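In what follows, a structure is listed as C-alpha cells, so that the remarks can point back to it.
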Amino acid sequence: MKIPNVQSCLGPNIYPEVPDGGWGWVVALAFFLVEVCTYGVIKSLGVFLQDLMEEFGESNSRVSWVISICVFVFAFSAPLSTMLSNRFGYRPVVMTGGFLISLGTITSAFTSSVTEMYITTGIVAGLGYCLSFLPTITILAQYFSGRRALVTSMASSGESVAMFVFAPAFTTLKEHIGWRSCLVILGIIQASVIGCGVLLRPIVIEEEPLKKNDDETLSVKEMQAVYELENEQTRTSISSDISQGSQDSGVTSLSASNVDLRNAEGETKALMKWKDKVPDKVSEDKGELAELDGGPVSSTGSKLLDFSVLKDPGFICYSLFGLFATLGFFAPQLYIIELSKSRGVESTMASYMLSVMAVADIFGRLLIGVVLNKVRFRKTLVLLGCVVLMSLVLVAFTIVWEFWGLAICSGFFGFLMGTVGSTHIPMLAEEDVVGIEKMPSSVGVYVFIQSFAGLAGPPLGGMLVDITDNYGAAFYSCAAGTGLSAVCLALVGPAKSRTCQRVSRVQENAEEVKISQNSDQSDFLEVDLAPEDSPVGQGEDQDSCVI
C-alpha cells in the first residue's frame with residue numbers, strides 16, 4: 001500500500017490513504033513516552049507538596065499555584081503550539097518543547113522561593129509541555145483511522161504508568177537524597193522527549209493522481225496545458241458548427257447543428273471538471289514541497305489557527321465541556337495524599353493512592369478504546385456516561401474514611417479519569433465534533449479554552465482547604481466542575497444536529513440555484529448560436545414555410 005517515495009528514513013511518509021498502522025506504531029510509542037514526561041510528571045508532583053510548603057514556609061494555596069500556572073501555560077499556549085507546528089512542522093516544535101521541559105524542571109531544583117518556581121516549573125516547563133504534547137497527539141491521530149480510539153488510549157497510558165512508578169519511587173527517594181535531587185533526576189528523564197520528536201515523521205496522504213493513459217500520469221502543468229488546449233478546441237468546434245450551418249440549409253443542417261451543440265455542451269461540462277481538479281492538485285504539490293523542506297503537509301492548505309470553529313455551536317458546547325471538566329483533572333491527584341493522611345492513613349501507605357489511580361487509569365484507557373471501536377452510535381454519549389460517573393465518585397471522596405474506602409474511590413476515579421482523559425482531545429477528530437480535517441487547527445483553540453479552568457482548579461481547591469481546614473473540601477469544586485461539564489457535553493449532539501440540518505438546507509438551496517442558472521444558460525446558448533439573421537435561422541424559417 002505504501003508508495004516508495006521517501007527521501008530518507010526520517011523523511012515524510014507518503015501513503016495513498018490513512019495507513020492505520022505502519023510508522024504510526026513508532027509515533028504511538030513516542031506519544032507514550034511524551035505522556036510519561038508531561039501529564040505523568042504533572043500529576044505526580046503532589047508527592048512534593050508538603051516538602052515545598054515546609055521548605056518555603058508557604059500555604060497550600062500558594063504552593064498550588066506552581067501546578068496551576070504550569071497547567072495554565074500548558075493549555076493557554078496551545079494556539080501557539082498549533083501555529084508553530086503548522087508553520088515549521090511537528091518535529092522541531094516537539095524537540096524544542098523537550099528542551100524547555102528539561103530546563104524548567106532542572107532549574108526548579110535550584111530555586112530559593114516559590115515565586116521562582118512559578119517561572120521555572122510554571123512558565124518554562126509549562127510551555128515545554130504544550131509544545132511537546134499537542135503536536136504529538138495531533139500527528140498520531142493522522143496515522144490512524146479505524147484504530148484511532150484504541151491506539152490513542154493505549155499510548156496515553158504512559159501518564160498512568162508514570163504515576164504508578166513515580167509516586168512511590170520519589171516518595172522513598174526524597175527521604176534519602178531530598179526533593180531537589182529528585183527534580184534533577186526528573187529533568188534528565190524528561191530530556192528523552194527530544195528523541196521522541198525526532199521520530200515524528202510527517203505523513204502525506206496522496207490520492208491517486210489523474211491519468212492520461214494506462215501508464216502515465218498528468219503533472220500539474222500538463223493538466224493546465226490540456227485544459228487550455230481542449231478549451232480552445234471546444235471554441236473552435238462551436239464556431240465551425242455555425243459556419244457549417246451557414247453553407248447548408250434545410251432540416252438536415254439544423255439537426256446536425258443541434259447535435260453538435262449538445263456535444264459541445266457535454267465537452268464543456270467535462271472540461272469544467274478538469275478546471276476544478278487542477279487547483280486542488282496544485283495545492284497538494286505545494287504542500288508536498290513544503291513538507292520536504294521541513295514544514296507540514298496539508299492537501300487542503302489548512303490555516304495556521306482556525307478560529308472559525310467558534311461559529312460551530314457543537315464545538316462551543318464541547319469546549320465548555322473541556323473547560324469545566326478540567327477542574328476535576330488535576331486537583332484530586334494533587335490533594336489525595338494529604339487527604340489520606342488527614343483521615344488516618346500512614347504516610348507510606350498514602351502515596352499508594354496515586355498508584356491505585358494509575359493502575360485503574362490504565363484499565364480505563366484500554367477498555368474505552370475497545371468500546372469506542374465497537375459502538376455504532378455517537379461516541380460522545382459514551383464519554384458523557386463516564387463524566388457523570390466521575391462527578392459522583394468525586395463526591396464520594398468527601399464522605400469516606402480509612403484506607404480501603406479511599407483506595408476504592410481512588411480506583412474508580414482513576415478508571416473514569418482514564419476513559420475521559422484519553423478520549424476528550426482525540427474525540428475532536430470525530431464527525432460528532434469537528435472531524436479529522438479540522439482537528440489540527442481546532443485542537444489549539446480547544447485546549448486554549450481549557451487553560452482558564454486549569455489556572456483556577458488547584459488554587460480554588462487549596463483556598464477551600466485553607467478556609468475549612470479539610471482536604472475533602474477541594475473535591476467539592478472538582479465535583480461541581482465535572483457536573484457542569486456533563487451538561488455541556490449532553491448539548492453537543494443536539495447542537496451538531498441543528499448545524500447539520502442548517503447546512504443541508506443551504507446546500508439544497510444552492511443546488512436549486514445552480515440548476516436554474518444552468519437551465520437559463522442552456523437556453524441562452526441555443527438562441528445565441530442560431531440568431532434570426534444567420535443562415536441557419538433563415539433556413540429554419542424557410543422550412544417552416546414549406547411545411
Query raised in the report: So, with +1 on the Cβ of K and R and -1 on the Cβ of D and E, and no other charges, what is the size of the charge dipole of region 87-216 about its Cα centre, to the nearest 20 debye?
Result: 340 debye
Query raised in the report: How many Å² of accessible area per residue for region 48-112, probe 1.4 Å?
Result: 38 Å²
Report task. Kindly provide the pair-distance distribution of region 1-159 built from C-alpha pairs, with 10 Å bins from 0 and whole-percent values in order of increasing distance. Result -> 11, 35, 30, 16, 7, 2, 0
Requested in this report: Express the C-alpha Rg of region 79-121 as a ratio against the empirical globular expectation 2.2 N^0.38 Å, rounded to two decimals.
Outcome: 1.45
Query - Kirkwood-Stokes translational diffusion coefficient of region 319-477, alpha-carbon pairs, 25 °C, 0.890 mPa s, µm²/s - result: 149 µm²/s
**Report entry** Dimensionless Rg/Rh of region 83-172 - Kirkwood Rh, Rg from C-alpha atoms
**Finding:** 1.06
Report task. Taking 7 Å along the Cα-to-C-beta vector as the label spot, tell me the residue 373-residue 54 distance in nanometres, rounded to one decimal. Result -> 4.7 nm
Query raised in the report: If you take the alpha carbon radius of gyration of region 60-133 and divide it by 2.2 N^0.38 Å, what ratio comes out, to two decimals?
Result: 1.12
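The values are calculated or read from the model by the stated rules, or taken from the named source; none is laboratory data. For clarity, every value in this text was computed on a predicted model and none was experimentally measured. Counting neighbours? That spans all protein chains shown, and the Cβs are built from the backbone with ideal geometry, glycine included. These area figures cover heavy atoms from the full protein model, side chains too; ligands, DNA and RNA do not enter into them. Shrake-Rupley method; radii C 1.70, N 1.55, O 1.52, S 1.80 Å.
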